[in-house]
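Peer 1: Mind having a look at this structure? Questions to follow.
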Amino acid sequence: MNDATFVSHLECSLSGERFPADTVQNLSQVGKPLLVRYDLEALGQHLTKDTLSKRPEELWRYREFLPVRQAANRLSLGEPRTPLLTLDHWSQSQVTVKDESRLPTGSFKARGLCLAVSMAKELGIQRVAIPTNGNAGAALAAYGSLAGMESYVFCPEDTPDVNVREIALQGAHVWKVNGYIHHCGQIVKGGLETMGWFDFSTLKEPYRIEGKKTMGLELAEQLGWTVPDVIFYPTGGGTGLIGMWKAFAELEAIGWIDSKRPRMIAVQADGCAPIVRAFEDGAEFAEEWQDATTVASGIRVPMAIGDFLILRAVRESGGFAIAVSDDSILTAQHEIAAQEGLLLGPEGAATAAAYQKALKPGLVSPDESAVRFNCGTALKYPMPAVTATIDRHSPLDFSQLDQGSAGTPV
Ligand SMILES: *Cc1c(COP(=O)(O)O)cnc(C)c1O
């Protein structure tokens, strides 16, 4: 049985040009991302908060806000509601972490790719390709295999082995490329005709962002249909930030939240901060960042096609963009893990470091409710080695055992 769906059309995010729904689309005529538009009035009449509250706590509970029409095309590897955790010890004020590492394949890329692959299935697409720093490729490989599609994944050559192996095990053709993620993107573009694959690059198809939108729907629902004062978001391609911003607009349109918006804070690393630079320069678009380098590989994106959408959301919300050093990222990661028992990925740790950095000059106040996003598991990243060993054949001096290293920041 198919439930009611409410997609009306697709719309260019820059020019407003319209495209029909339920057709295969990438970018608009002017080369910008397409956004999915809904008949929100009908949606608002059909669905109530009460109906929603009785459904299982998973991604597809928001199906009316999503584009997939046929229930049979809604792929699932079990996408749970992710927890909001409060860190009491580490920071000067209580801050909440939304821990997206609990999703299939260990990152919130699962939300986006779950939707994008489900829609590709509905549209009859059988071969897909993606450039990735690791997590998007892993999610594509998993959902692509679930859907019986053939997937091709291209990663920068310094992508950690664990990511590349995961992608290969999950059934994709995976290649390492001597360049950055946008160079991998050029390979995907180059193969469009010869390989006949569909381009799944960030924001080059309209549906990944709809999956990321569920983060905003879920967050508002978890907070009793309110939004926090500020959101710290680790920003690479920006789909999550743009998706949440879209979620809040749709929720207001159906009257489920009021006009209050969180201040959206785009967090980047000192070694790759094109959005921060554009924000500070007052620019509408961001220029490519040269020689990008950071331990937080999920946000190592020198050039983002949705740059103007990120900047718009940040500015309209009264937020800002901020960059933090790799040192402060690794320190925050280690301190929070040791004090709170929560091992954040470096991107999530970057939002923690950014929060602390923003507190000092008063960019945020400790009285504001803040949500920081941890978007992926730390377990796929290289970690400092522990060298403490015991020779079981020698007498052991137990008084020395507190010197065993619990791991220090590299
Ligand atoms: C992809 C990724 C990001 C950045 O997400 P965008 O929404 O594309 O900006 C942040 N953290 C992790 C772990 C990621 O995999």
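The values are calculated or read from the model by the stated rules, or taken from the named source; none is laboratory data. Model, not experiment: these values are computed from the prediction. Neighbour counts run over all protein chains shown; Cβ positions are idealised from the backbone, glycine included. With ligands, DNA and RNA removed, areas are computed over all heavy atoms of the protein, side chains included. Shrake-Rupley method; radii C 1.70, N 1.55, O 1.52, S 1.80 Å.
Peer 1: Roll a 1.4 angstrom probe over the protein heavy atoms and tell me the percent of accessible area of region 1-80 that is carbon or sulfur. It would help to have the intermediate numbers written out before the result.
Peer 2: Values: 1850 of 3870 Å².
Here carbon and sulfur together make up 48 percent of the probe-accessible area.
Peer 1: How large is the translational diffusion coefficient of the chain in µm² per second when you combine the Kirkwood radius over alpha carbon pairs with Stokes-Einstein at 4 °C and 1.567 mPa s? Present the calculation step by step, with values, prior to reporting the outcome.
Peer 2: Values: Rh = 21.8 Å.
My calculation gives 60 µm²/s for D.
Peer 1: Turning to a different aspect of this structure: Mind scanning K213/K357; K176/K357; K260/K380; K189/K212 and naming the pairs with a C-alpha gap bigger than 25 Å?
Peer 2: Listed pairs above 25 Å: K213/K357; K176/K357; K260/K380.
Peer 1: With charges set only on the Cβ (+1 for Lys and Arg, -1 for Asp and Glu), what does the dipole of region 275-410 come to about its Cα centre, in debye to the nearest 20? Mind dumping the intermediate values first?
Peer 2: Values: 9 positive and 18 negative charges, 46 e Å.
It works out to roughly 220 debye.
Peer 1: I would also like to ask the following. In what sequence, largest accessible area first, do L343, L140, L85 appear using a 1.4 Å probe?
Peer 2: Highest to lowest solvent-accessible surface, that is L343, L85, L140.
Peer 1: Return, for the Cα atoms of region 69-116, the radius of gyration and Dmax in Å, separated by a comma.
Peer 2: 14.8, 48
Peer 1: Remind me, relative contact order of the chain in percent, using alpha carbon pairs under 8 angstrom and six or more residues apart? Present the calculation step by step, with values, prior to reporting the outcome.
Peer 2: Working: 843 pairs, mean separation 63.0, N = 410.
Relative contact order of the chain: 15 percent.
Peer 1: Tell me, what % of the accessible area of region 113-256 is carbon and sulfur with a 1.4 angstrom probe? All intermediate terms of the calculation are to be shown ahead of the outcome.
Peer 2: Values: 2220 of 4370 Å².
Carbon plus sulfur share of accessible area: 51 percent.
Peer 1: Turning to a different aspect of this structure: How high is the relative contact order of region 129-168, in percent, counting Cα pairs under 8 Å that sit 6 or more residues apart?
Peer 2: Working: 45 pairs, mean separation 20.0, N = 40.
It rounds to 50 percent for region 129-168.
Peer 1: Using the charge dipole of the chain (Lys, Arg: +1 at Cβ; Asp, Glu: -1 at Cβ; taken about the Cα centre), state which of G224, H9, Y143 has its Cα farthest towards the positive end.
Peer 2: H9
Peer 1: Any idea what the relative contact order of region 123-197 is, in percent, if you count C-alpha pairs under 8 Å spaced at least 6 apart?
Peer 2: Values: 128 pairs, mean separation 26.0, N = 75.
Value for region 123-197: 35 percent.
Peer 1: Still on this structure, I have one more. Just flag the trypsin sites (Lys or Arg not before Pro) in region 290-328 sitting in loop per DSSP whose Cβ has no more than 15 other Cβ atoms within 10 Å. Don't skip to the end; give the middle numbers.
Peer 2: Details: sites: R300, R312, R315; in loops: R300.
When the trypsin sites (Lys or Arg not before Pro) of region 290-328 are filtered for loop state and at most 15 Cβ neighbours within 10 Å, nothing remains.
Peer 1: Only helical DSSP H runs with n ≥ 4 go in: add -39500 (n - 2.57) per run for the chain, normalise by residue count and round the 222 nm mean residue ellipticity to 500 deg cm²/dmol.
Peer 2: -10000 deg cm²/dmol
Peer 1: Let me know the charge dipole size of the chain about its Cα centre in debye, to the nearest 20, where only the beta-carbon of Lys, Arg (+1) and Asp, Glu (-1) is charged.
Peer 2: 800
Peer 1: Share of region 267-315's accessible area from carbon and sulfur, percent, 1.4 Å? Write down the numbers at each step before the final one.
Peer 2: Details: 900 of 1930 Å².
About 47 percent, which is the carbon plus sulfur part of the accessible surface.
Peer 1: For the chain, what proportion of DSSP beta bridges, expressed in % and rounded to the nearest 5, is antiparallel?
Peer 2: Just about 35 percent of them are antiparallel.
Peer 1: What number comes out for accessible area per residue over the chain if the probe is 1.4 Å? Units Å², please.
Peer 2: 41
Peer 1: Below 15 Å, Cα to Cα, which aspartates and glutamates can K360 reach? Residues fewer than 8 away in the same chain don't count.
Peer 2: Of all the aspartates and glutamates, those that pass the test against K360 - Cα under 15 Å, at least 8 places apart if same chain - are E368.
Peer 1: Would you kindly state the longest site-free stretch of the chain, with sites defined as GluC sites (Glu not before Pro) in a DSSP loop (not H, G, I, E, B) surrounded by at most 16 other Cβ atoms within 10 Å?
Peer 2: 158-283
Peer 1: Dipole magnitude of region 192-346 about its Cα centre, charges +1 at Lys/Arg Cβ and -1 at Asp/Glu Cβ only, in debye to the nearest 20?
Peer 2: My answer is approximately 340 debye.
Peer 1: Restrict the search to region 320-407; then list the trypsin sites (Lys or Arg not before Pro) that DSSP places in a loop and that have at most 15 other Cβ atoms within 10 Å of their Cβ. Walk me through the intermediate numbers first.
Peer 2: Numbers: sites: K357, R372, K380, R392; in loops: R392.
Taking region 320-407 and a limit of 15 other Cβ atoms within 10 Å, the loop trypsin sites (Lys or Arg not before Pro) found are R392.
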